[in-house]
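What follows is a short report on a single structure.
The values are calculated or read from the model by the stated rules, or taken from the named source; none is laboratory data. Given the structure is predicted, the values throughout are model-derived calculations rather than measurements. Note that we place each Cβ from the backbone using ideal geometry, even for glycine, and neighbour counts take in every protein chain shown.
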Amino acid sequence: MMNDFAQFIKSRRKVTLALVLINIAVYVVLEIIGDTADAQFMVEHGAVYTPMVMEGQYWRLFSSMFLHFGFEHLAYNMFSLFFLGDILESIVGPVRYLVIYLLGVLGGNLVSLFMSIQSGNYKVSAGASGAIFTVMGAFFYVALRNRKSFGADGMRRLLLMIVLMVMQGLVDRGVDQSAHMGGLVSGFVLGIVLYHPKAVLRHAEESG
């Protein structure tokens, strides 16, 4: 069983695996020194809090993507990233995938920041869920570009998955829905910019 697990890990795409391991490592360290379910503790260690970002702590827009409020939050996001991210990275390549991931998270957090300023409702925000929606948005664009080979059933299942994820965010009051939607749209736009099938195919042939 251990050999099977080791082989499974080795078969994962390197950037996705690295991102998952970083998230887990950060969570473990923070759990050792404090309580990741405590909002104040999370703010002290890099979560997004609008007044602090407005004061110039823009680094929080990036650091927050590696923080999670408790084990369930971490487990759900890492499970999603482990599979969705692996698929997207295998299609667009590691460099484009990392660019999509990082810029998509920034886009989602900027949308969340803007909405927070407009509403005056300042919440502590952290987690990789914005990145999950970024990956989903980019993958949806890739699927649209390849809808003939993806198939009508595949497109319907993907669209249903997106709808269900959005609806879950609507019913869960603890979710930063603005970051989710910002990440989804950012991922789709970044997919348009970065996904060029011929270039991706050439990259795969050169590295193969």
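For the range 35-47, check the following and say yes or no: at least one residue is outside any helix (DSSP H, G or I), touching a strand residue (DSSP E or B) at 6+ places or on another chain (Cβ under 9 Å) and either surrounded by 13 or more Cβ atoms within 10 Å (Cβ to Cβ) or aromatic (F, W, Y) (or both). Spell out the reasoning first.
Initially, the range 35-47 is screened for residues outside any helix (DSSP H, G or I), giving 35-38, 45-47.
Applying the additional criterion that residues be touching a strand residue (DSSP E or B) at 6+ places or on another chain (Cβ under 9 Å) yields 47.
In the following step, the residues that additionally are either surrounded by 13 or more Cβ atoms within 10 Å (Cβ to Cβ) or aromatic (F, W, Y) (or both) were identified as 47.
Within the range 35-47 (the criterion being outside any helix (DSSP H, G or I), touching a strand residue (DSSP E or B) at 6+ places or on another chain (Cβ under 9 Å) and either surrounded by 13 or more Cβ atoms within 10 Å (Cβ to Cβ) or aromatic (F, W, Y) (or both)), the answer is yes, since at least one residue qualifies.
Give me the pairs, please: first residue somewhere in the range 136-158 and more than 14 Å from L194 (Cα to Cα), second residue anywhere and modelled with pLDDT of 90 or more and among the acidic types (D, E), beta-carbon distance under 9 Å, and either six or more positions apart or on two chains.
none
Six or more apart or on different chains, Cβ under 7 Å: which pairs go from a residue in the range 76-102 that's within 16 Å of P197 (Cβ to Cβ) to one that's modelled with pLDDT under 90 and surrounded by fewer than 20 Cβ atoms within 10 Å (Cβ to Cβ)? Could you list them?
From the range 76-102, the pairs are E89/R13; S90/R13; I91/V200; V92/V200; G93/V200; G93/H203.
Going by what's in this entry, would L81 be described as within 24 Å of L158 (Cβ to Cβ), of a type in the set (A, V, I, L, M), touching a helix residue (DSSP H, G or I) at 6+ places or on another chain (Cβ under 9 Å) and part of a helix (DSSP H, G or I)? Write out each step before concluding.
Working: within 24 Å of L158 (Cβ to Cβ): yes; of a type in the set (A, V, I, L, M): yes; touching a helix residue (DSSP H, G or I) at 6+ places or on another chain (Cβ under 9 Å): yes; part of a helix (DSSP H, G or I): yes.
Here the answer is yes, as L81 does meet what is asked.
Determine which member of the set S125, S116 is under 18 Å from H73 (Cα atoms), among the polar types (S, T, N, Q) and surrounded by 17 or more Cβ atoms within 10 Å (Cβ to Cβ).
None of the others qualify; the one that does is S125.
Out of G104, G108, G137, which single residue is in contact with a His (Cβ under 8 Å, 6 or more places away or on another chain), surrounded by 22 or more Cβ atoms within 10 Å (Cβ to Cβ) and modelled with pLDDT of 90 or more? Outline the logic, then answer.
Values: G104 fails: in contact with a His (Cβ under 8 Å, 6 or more places away or on another chain); G137 fails: in contact with a His (Cβ under 8 Å, 6 or more places away or on another chain).
One residue alone meets the criteria, G108.
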